[in-house]
Every structure is written in C-alpha cells, then in structure tokens.
Amino acid sequence: MVNYKDLGLVNTREMFKRAIAGGYAIPAFNFNNMEQLQAIIKASSELRSPVILQVSKGARNYANQTLLRYMAQGAVAYAKELGCEHPEIALHLDHGDSFELCKSCVDFGFSSVMIDGSSLPYEENVALTKKVVEYAHQFDVTVEGELGVLAGVEDEVSSEVSHYTKPEEVIDFTQRTGVDSLAISIGTSHGAYKFKPEQCTRDPKTGRLVPPPLAFDVLDEIMVKLPGFPIVLHGSSSVPQEYVEMINKYGGKMPDAVGIPEDQLRKASKSAVCKINIDSDSRLAFTAAVRKVFSEKPGEFDPRKYCGPARDAMEAMYKEKIKDVLGSENKLAQ
Ligand code: G3H
Ligand code: 13P
Ligand code: ZN
C-alpha cells in the first residue's frame, strides 16, 4: 500500500473548492508516456497552475502501473526543480470501470479516482460508486462519478449517441454515493470526431465545421440543484484545426475532425465546472509534430529528434489551455 501523500501528491478537494470560488477550471490532462508528462509538468509549473494527471485503464496497461507511480512521484520532484516550491499535482484514474481497478489505484498511490458507472442502470451506478467512495475515502482519496452518457468511446464503453445528464437525478446520486465531483453529459464527446458533419454548419470563409453549442441549460439546471458542487466535463478537446491541417498536409488523413470550441470551454470554466478533461488535443499536437519531422527529414531515426518537437508542441498547447481557456494560471495556493 502506497499513500499518495507520501509521493507528494494532493487530492482534488481543495483545488476544486478554489476553482469554483475563483471562476476557473483545473486542467486534467491524460498521459501515457514521458514526453506527455514532461510537457504537462513544464506547462503547469511554469504557469503556476494546479494540475490533474490522468491515467486511463489503457494508459495503465500501456505504461505499467509501477512505472506510472514513480513517474508521478518524479513529476512532483520535477515541478519543484522548475521552481514550484509547493506544486499541486493530483494523480487520477480516468474512467475506472470496476471497484477492483479503483481499489488497486488507491492502493498504488493515486490521489483521486473516477468510477464510471454511467453505462449501468441507475441503481447499479449508485451501488458501485458508493462502494468505491467508501473505500477511497478511508485514505482521503477523492472520487469522481458520472451521470449521463457521452457519445464516443470511453475506454471499452462506447456509445453512438449522447444522453444528457438528467438534472432530476443529480441530488439523489451525489447524496447516496458521497462522490466528491460529478462528470456530466451536456454535448461533449471523446475523441477527435465529436460531431458528424451533418450536425454542424460550415464557416463560409474558412470552410471549417462549426459544431452545435453545448447544452448550457442542462448545466444551469444541475447547478441550481447542486449549488457549489464540483462538476467535471469530459471530452473537452477543441481539436485545433492547425494540428489537423498539419496532420493532413504531412501525409495523415483526418477529414472533418472537430472539437469543442474554446469559447464554450471558457464559459464553462467560469461556472461550477472545475475540471476539464483534455486528451485528444495532446495526441493531435504530438502526431502533427512527428509527421512534420518525418515528412521533412525522412532519414531521421533518432526518437529524440521527433519526440522532442512533439513535446514542445504539446507544451505550447497545454500552456494555451491553462492561460487562455481554463484560466488556471497563477492559481497555486502558495
Ligand atoms: O476518455 C478517454 C481518454 O481519452 C482515454 O483514452 O482509454 O484510449 O487511454 P484511452
Ligand atoms: P478528449 O477526447 O476530448 O480529449 O476527452 C478526454 C477525456 O474526456 C478523458 O477522460
Ligand atoms: Zn473522459
């Protein structure tokens, strides 16, 4: 058993409280490898932002759970080396799909876990989430639950259509489970193809797809039912067209990739939405940079020469999110 406090990590309770009061959101960035982690820590430390490092079940299998724990511990030391004396870094399980997985992460030094029972019948979601909360809270590990279904793929759970969170369920769910935060569905979705072209309009000048707006009315209703309660938005990559165009220019094929416009995320950040999940944008920045190097220098075979530019591109993207979208710059407590 490893307690996250011994690794220098923090849970999400205090960071969420301050984010709601201050009208900003905490970035929750997924990582699977060293370059992503380096870019996240450099961006968040240099901008003095609290940050949530997210690990999915797939990432845990890919990177190895023991290595991940030491990487997170190393991330705290790296943040200090970069000048953050008191970094606020949470290590969070993204889309946990069983009690056993959540327990294993708690026991392995995670400071926060998500139990995603959103695809289960309501009562089963309540029972599973409550069980995880009862275990995690013994170790002061915070728990995120989910109500409503996002379109797209959530690890092994996938859905063609999204079902918005039902505001009439949120009081009962949070009270009976004791969760610390609630992920909701208001029209975001996972991946780089969040909307079908027929769901969008087209900007006549650029020809780019313009997606439909998020359901802020549903968010408003939820906030009335749960005043001051931490709300989480998954599927919040904006799918920057500069990366999509670079990928397509250098041999890729991602037609009609489209994300959530940043002005909508900015608006959400000012509400009770205090955690915003971003994974796909990092994948896009990484891929665009690697493709560019391979296309311009086909003889390159030193991974540092293409993973380095990929890391720089991700760092720039994370910084832009922190500064201009989520508003979490300079929000460390000390
Ligand atoms: O919500 C899904 C995250 O982007 C994680 O994706 O399961 O492919 O690691 P993954
Ligand atoms: P994106 O695919 O929009 O980056 O969403 C990531 C996410 O929700 C991780 O849980
Ligand atoms: Zn998600």
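The values are calculated or read from the model by the stated rules, or taken from the named source; none is laboratory data. Note that this is a predicted model, so its numbers are computed, not measured. Cβ: placed from backbone, ideal geometry, glycine included. Neighbour counts: every protein chain shown. Accessible surface areas use protein heavy atoms only, side chains included; no ligands, DNA or RNA. Shrake-Rupley method; radii C 1.70, N 1.55, O 1.52, S 1.80 Å.
Return the FRET efficiency for the residue pair residue 172, residue 61: r is the Cβ-Cβ distance, R0 is 35 Å, and the value is rounded to the nearest 0.05.
0.55
Dipole of the stretch 1-80, Cα-centred, from +1 at each Lys and Arg C-beta and -1 at each Asp and Glu C-beta, to the nearest 20 debye?
So the dipole magnitude of the stretch 1-80 works out to roughly 200 debye.
Largest first, please: the extent of the C-alpha atoms of the stretch 218-308 along each principal axis, to the nearest Å.
The principal-axis extents, from largest down, are 59, 27, 15 Å.
How much of the accessible area of the chain, probe 1.4 Å, is carbon plus sulfur, in whole percent?
Carbon plus sulfur share of accessible area: 52 percent.
If I take R0 = 22 Å and measure r between the Cβ atoms of residue 138 and residue 21 in this structure, what FRET efficiency does the formula 1/(1 + (r/R0)^6) give, to the nearest 0.05?
Calculated transfer efficiency: 0.20.
Mind checking the dipole of the stretch 31-150: about its Cα centre, +1 per Lys or Arg Cβ, -1 per Asp or Glu Cβ, Debye to the nearest 20?
280
For the stretch 185-250, which trypsin sites (Lys or Arg not before Pro) are both in a DSSP coil and crowded by at most 11 other Cβ atoms within 10 Å?
205
Using just the Cα positions, wrap the chain in a convex hull and report its mean projected area in square nanometres, one decimal place.
16.4
Could you go through the stretch 46-52 in sequence order and give the Karplus-derived ³J(HN,Hα) for each residue, using 6.51 cos²θ - 1.76 cosθ + 1.60 with θ = phi - 60°, rounded to whole Hz, and x for Gly and Pro?
Values, residue by residue: 5, 9, 6, 10, x, 8, 10 Hz.
Can you give the accessible area per residue of the stretch 38-150, in Å², using a 1.4 Å probe?
35
Excluding the sites themselves, what is the longest stretch of the chain that contains no GluC sites (Glu not before Pro) in a DSSP loop with at most 15 other C-beta atoms within 10 Å?
Here the longest segment lacking exposed loop sites spans 161-299.
Any idea of residue 34's accessible area? Nearest 10 Å², probe 1.4 Å.
That residue has around 100 Å² of solvent-accessible surface.
Hand me the chymotrypsin sites (Phe, Trp or Tyr not before Pro) from the stretch 230-324 located in a DSSP loop with no more than 12 other Cβ atoms within 10 Å, in residue order please.
Counting only loop positions with at most 12 other Cβ atoms within 10 Å, the chymotrypsin sites (Phe, Trp or Tyr not before Pro) in the stretch 230-324 are 301.
Taking the Cα centre of the chain as origin and charging only Cβ (+1 Lys, Arg; -1 Asp, Glu), how large is the dipole, in debye to the nearest 20?
820
Calculate one ³J(HN,Hα) per residue across the stretch 232-246 by plugging θ = phi - 60° into the Karplus curve 6.51 cos²θ - 1.76 cosθ + 1.60, and present them in order as whole Hz with x for glycine and proline.
Along the stretch 232-246, the couplings run 10, 10, 8, x, 10, 5, 9, 6, x, 5, 4, 6, 4, 5, 5 Hz.
Debye sum, Cα scatterers, the stretch 158-263, no solvent: what log₁₀ I/I(0) at q = 0.15, 0.22, 0.24 1/Å?
Here log10 of I(q) over I(0) equals -0.71, -1.17, -1.32.
Per residue of the stretch 276-288, in order, report the coupling 6.51 cos²θ - 1.76 cosθ + 1.60 (Karplus, θ = phi - 60°) as ³J(HN,Hα) in whole Hz, putting x for Gly and Pro.
10, 8, 9, 10, 4, 4, 5, 4, 5, 4, 4, 5, 4
Roughly how far apart, in whole Å, are the Cα centres of the stretch 236-301 and the stretch 69-128?
A separation of 24 Å, based on Cα centres.
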